[in-house]
Amino acid sequence: MSVLLVAEHNNKELKPFTFNAITAASQVDSDVHAVIIGSNCEEAAKALSNLPLVKKVIQVEGDHYENFVAENFAPVIVKLAENYSHIISSANTFGKNLMPRVAAVLDTSQISDVTKIISADTFLRPIYAGNAFATVKSKDPKKCVTIRPTSFDPCESSGGSAPIEKAEPSAEFGQTKFIKREEVKSDRPELGTARVVVSGGRGMQSGDNFKLITSLADKLNAAIGASRAAVDAGYISNDHQVGQTGKVVVPDLYIAVGISGAIQHLAGMKESKVIVAINKDGEAPIFSVADYGLEADLFEALPQFLEELNKLNTIQK
Amino acid sequence: MKILVAVKRVIDYNVQVRVKEDNSGVVTDNVKMSTNPPDDNAIEEAVKLKEAGKATEVVAISVGEEKAQETVRKALAVGADRGILIKADGTLEPLAVSKLLQKIVEKEKPDLVFMGKQAIDDDCNQTGQMLSALLNWPQATFASKIQVKDKSLEVTREIDEGLETIEINIPAIVTCDLRLNEPRYASLPNIMKAKKKPIEQINASDLGVDTAPRIEQNRVDEPPKRKAGIKVSSVAELVQKLKNEAKVI
């Protein structure tokens, strides 16, 4: 049977992790249908139909779908689920909020945060903050799966021409009201998909000192990350947090500055291709995962880092 | 207003988890167990609401083996009024736990159910949302701020893009983020007092819920090990290595 992918979007554009989730869905079955639930979301629906891996788009329109409220979205998916063997979305705050509501109503035991599709019913997923990986087999007839987006490449974004079908909206769930979203706008690459990430920890000592991280990130065209300690201390906002309860990143280059490397932080970055650690404590656990460790005072090392980068003729963007 | 708070007993967050040699799971014998960290935030928030006169009773509940009683007891020591332990052995998936909690909610009729947003052992992040769906109640997941209004809550949620604020009518489910508050430590007198607070024990099998796992765990493996790296002696050397050896800048 076909696979139903739940698209994440802002009515105009698809959110980047939708592309990764579609790749994962296509590894379960090539007949991938994508549902887009929104308000005046034609543009995003069109973008979805352009993806070569998507065979059919199901567009569901309603004023109450303007903002993402799981209580409104879940009944639509439950209704469509009848025709599908798998329901798939990304395991970011969108899919985490939504999928369990769908799974519970379908009486299906959800499989969260899958990093590898082994077969249509068997999956690999991290447990204990990535300190172990479980191979699990679902015995449910219908499977609800969220996938870890950074474990799958984004799919091709153009060249397809899937038909767009309309489906009926469900009634509004009146008990939850969206009030506002405070998004941090930035010209930087997104943390989840950036090629380079520069992260600061408690060692930064203040929010003001994060300027040093910002300057380095500017130079490398990098996203800015942070440890939970730095976010808790108020140095930087929560959307920058990397780790077990924050974001998982897999950049080509991850530079950890003043981060000791708690298990919970490593869970979010240790799959990065190249890891650099700058810390004055030579015994810090972060050095155990670093390809290049520099034992130094970050307040001296970061300005030097910028100087050395300035000496280079070219820097990859 | 009555608040039910679900707490889970898990391997302590500071323990370096090891995979069993036969790949059947992780080592749990003689390993320190604690309350799942964000569940501590859930209890703290409920107790704070009681102290502020906004809640009248805080009931802590856990589902699991006999020893999970310690986790309920700890919640009592930081201010919950009474406890419930649903006894069940073996693996319990979030779907089963949410069905068991649903039975208790129907009996206890709380106005709010709080729990941590995710358990740090299976990292599923499902139970609160599932319970909310089964009860057809509103949900506020990943909460970092809760304001109690007349018959609703205004909740700030941590999402990938930043923060989101929603208003949910009571009764409702809230799953708590680590940044919601700073959980208190239990004082010795309160630990002693907690020993006298009642914990009702219920057998899962008496609740008429099928808790048999739907997911088979075939094997558990260690994560791939990273190759040991090197220490560089200067920033200049670091930049040279990144440019010429790793070729990432």
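The values are calculated or read from the model by the stated rules, or taken from the named source; none is laboratory data. Computed from a predicted structure; not experimentally measured. Please note: Cβ atoms are built from the backbone with ideal geometry, for glycine as well, and neighbour counts cover all protein chains shown.
Taking every residue in region A:69-82 that is assigned by TED's automatic domain parsing to the domain that holds A:M99 and pairing it with any residue that is among the small types (G, A, S), at least 6 positions away or on another chain, the pairs with Cβ-Cβ distances below 7 Å are A:A74/B:A133; A:P75/A:S170; A:V76/A:S170; A:K79/A:S170; A:L80/A:A167. Within region B:212-243, the set of residues being more than 7 Å from chain A (Cβ to nearest Cβ), over 30 Å from B:T91 (Cα atoms) and at pLDDT below 95 comprises B:K227, B:A228.
When region A:178-197 is limited to residues that are surrounded by 13 or more Cβ atoms within 10 Å (Cβ to Cβ) and more than 23 Å from A:A256 (Cα to Cα), the one that is modelled with the lowest pLDDT turns out to be A:E183. Under the condition of being over 19 Å from the mean Cα position of the chain (by Cα) and β-branched (V, I, T), the residues counted in region A:84-135 number 6. Contact annotation: no residue pair with Cβ atoms under 8 Å, 6 or more positions apart or on different chains, pairs a residue in region A:10-25 that is outside the structural domain of A:S158 (by TED's automatic domain parsing) with a partner that is outside any helix (DSSP H, G or I) and aromatic (F, W, Y). Do we find a residue being over 15 Å from the mean Cα position of the chain (by Cα), facing chain B (nearest Cβ under 10 Å), of a type in the set (S, T, N, Q) and in a strand (DSSP E or B) anywhere in region A:170-185? Yes, that holds for at least one residue.
Among residues of region A:102-157 being of a type in the set (S, T, Y) and outside any loop (DSSP other than H, G, I, E, B), the one that is surrounded by the most Cβ atoms within 10 Å (Cβ to Cβ) is A:T146.
For every residue, the table says whether it meets (1) at pLDDT 95 or above; (2) within 23 Å of A:L266 (Cα to Cα); (3) more than 14 Å from every other protein chain (Cβ to nearest Cβ).
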position	(1), (2), (3)
B:K2	yes, no, yes
B:V5	yes, no, yes
B:N14	no, yes, no
B:V27	yes, yes, no
B:D39	yes, yes, no
B:K50	yes, no, yes
B:A60	yes, no, yes
B:V63	yes, no, yes
B:E66	yes, no, yes
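Does A:G293 fit the bill of being crowded, with 22+ Cβ neighbours inside 10 Å, under 18 Å from A:L212 (Cα atoms) and either touching a Lys or Arg at 6+ places or on another chain (Cβ under 9 Å) or modelled with pLDDT of 95 or more (or both)? So A:G293 does not fit the description; no. In region B:137-175, the qualifying residues are those that are assigned to a strand (DSSP E or B), touching a residue at least 60 places away in the same chain (Cβ under 8 Å) and within 11 Å of chain A (Cβ to nearest Cβ), and the one that is surrounded by the fewest Cβ atoms within 10 Å (Cβ to Cβ) is B:A172.
Could you tell me which of the residues A:D113, A:D121 is touching a Lys or Arg at 6+ places or on another chain (Cβ under 9 Å) and within 7 Å of another protein chain (Cβ to nearest Cβ)? Lay out the reasoning, then the answer.
Values: A:D121 fails: within 7 Å of another protein chain (Cβ to nearest Cβ).
Matching residue, one of A:D113, A:D121: A:D113.
Cβ separations smaller than 6 Å between residues 6+ apart or across chains give the following pairs from region A:167-181 residues that are farther than 23 Å from B:E154 by Cα to residues that are surrounded by 15 or more Cβ atoms within 10 Å (Cβ to Cβ) and of a type in the set (A, V, I, L, M, F, W, C): A:A167/A:I58; A:A167/A:V60; A:P169/A:V60; A:S170/A:V76. As a summary of the residue check, B:N181 satisfies the conditions (1) over 21 Å from the mean Cα position of the chain (by Cα); (2) over 30 Å from A:S138 (Cα atoms); (3) within 12 Å of chain A (Cβ to nearest Cβ) except for the one numbered (1). Within region A:252-281, the residues that satisfy the criterion of being more than 8 Å from every other protein chain (Cβ to nearest Cβ) and part of a loop (DSSP other than H, G, I, E, B) are A:G258, A:I259, A:S260, A:G261, A:A262, A:A267, A:G268, A:M269, A:E271, A:S272, A:K280, A:D281. Restricting the first member to region A:145-161 and to residues that are of a type in the set (D, E, K, R), and the second to residues that are surrounded by 13 or more Cβ atoms within 10 Å (Cβ to Cβ) and outside any loop (DSSP other than H, G, I, E, B), the beta-carbon pairs closer than 6 Å and six or more apart or on different chains are A:R148/A:D113; A:D153/A:T23. Suppose the filter is among the small types (G, A, S) and more than 19 Å from B:A55 (Cα to Cα); does B:A68 pass it? Considered against the rule, which asks whether it is among the small types (G, A, S) and more than 19 Å from B:A55 (Cα to Cα), B:A68 comes out as yes.
Just so you know, in region B:1-31 the residues that are free of Cβ contacts under 8 Å to residues at least 60 places away in the same chain and buried (at least 18 other Cβ atoms within 10 Å of the Cβ) include one that is farthest from B:D221 (Cα to Cα), and it is B:V15. If you filter region A:26-78 down to residues that are assigned to a helix (DSSP H, G or I) and among the charged types (D, E, K, R), you find that the one that is nearest to A:P169 (Cα to Cα) is A:D63. Scanning region B:121-134 for residues that are out of contact with any Leu (no Cβ under 9 Å at 6 or more places or on another chain) and not in a loop (DSSP other than H, G, I, E, B) gives B:G128, B:S132, B:A133. Only a single item in (1) surrounded by 24 or more Cβ atoms within 10 Å (Cβ to Cβ); (2) assigned to a helix (DSSP H, G or I); (3) not β-branched (V, I, T) is not met by A:G225, and it is number (2).
A quick yes/no check of all residues on (1) within 14 Å of another protein chain (Cβ to nearest Cβ); (2) in a helix (DSSP H, G or I):
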site	(1), (2)
B:T71	no, yes
B:G83	no, no
B:D89	no, no
B:K99	yes, yes
B:Q118	yes, no
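Any chance region A:79-89 includes a residue that's part of a loop (DSSP other than H, G, I, E, B) and on the phi > 0 side of the Ramachandran plot?
Pass one, region A:79-89, residues part of a loop (DSSP other than H, G, I, E, B): A:82-83.
This time we only want the ones that are on the phi > 0 side of the Ramachandran plot, so: none.
No, region A:79-89 contains no residue that is part of a loop (DSSP other than H, G, I, E, B) and on the phi > 0 side of the Ramachandran plot.
In the condition set (1) surrounded by fewer than 24 Cβ atoms within 10 Å (Cβ to Cβ); (2) touching a helix residue (DSSP H, G or I) at 6+ places or on another chain (Cβ under 6 Å); (3) modelled with pLDDT of 95 or more, A:I263 is compliant with all but (3). Could you tell me which residue of region A:296-305 is nearest to the other protein chains (Cβ to nearest Cβ), considering only residues that are out of contact with any Ser or Thr (no Cβ under 9 Å at 6 or more places or on another chain) and surrounded by fewer than 15 Cβ atoms within 10 Å (Cβ to Cβ)? Across region A:296-305, the extreme among qualifying residues is A:E300.
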